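Enquirer: What follows is a single structure, and I will ask about it in a moment.
Nothing in this text is a laboratory measurement; each read-out follows from the coordinates by a stated rule. Treat the numbers as computed from the prediction; the structure is a model and nothing was measured. Glycine also receives a Cβ, built like all others from the backbone with ideal geometry; neighbour counts cover every protein chain displayed.
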Amino acid sequence: MSAKNNHENNSTPIARKIEILTNLKTTPTIISRDLKIQGELISGGIIEIQGFIDGTINGNSVILREEGQIDGIVFAENLSIRGKFNGKIRAKNLNIANKAVVDGEIEYEILSVEDGASIDGRFKKIETISIDHKKHR
């Protein structure tokens, strides 16, 4: 087996995260703690949220930091939640960290939840999710 095939068959969550971040060639968009946005965010790159979003996010990779909060809808290939989320999620790869507080409807293809996460919601596993970053306007 070649190194390339071995890498492709490595499906651990950490390997997937490294591969995802390696494939993204853009500078992350950072929503800082003192920023509140109402409306729609669309990005083919990485969005890091430390502030407050009230609206719709459509992104390739969305990271909600511990101090961040989202009230709304998120469409993402990769979503990592460490802060507070209230709304609807549709994500291919979803990671909910131990300090996360999640309330809502969650559709996912791959899910990981750390011990300690607070979740109140309805989960639905979807076999194949494709997110079009331009479609959900």
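Enquirer: Enumerate the pairs (first residue in segment 89-110 and closer than 14 Å to residue 76 by Cα and in contact (Cβ under 8 Å) with a residue 60 or more places away in the chain; second residue anywhere and crowded, with 19+ Cβ neighbours inside 10 Å and hydroxyl-bearing (Ser, Thr, Tyr)) with beta-carbon separation below 6 Å, excluding pairs fewer than 6 apart on the same chain, so at least 6 apart or on different chains.
Expert: 95/80
Enquirer: Select from segment 74-88 the residues that are in contact (Cβ under 8 Å) with a residue 40 or more places away in the chain and not charged (D, E, K, R) and write down the one among them that is farthest from residue 61 (Cα to Cα).
Expert: The initial filter retains those residues of segment 74-88 that are in contact (Cβ under 8 Å) with a residue 40 or more places away in the chain, namely 75-78.
From what's left, not charged (D, E, K, R): 75-76, 78.
Numbers: 75: 10, 76: 6, 78: 5 Å.
My answer is 75.
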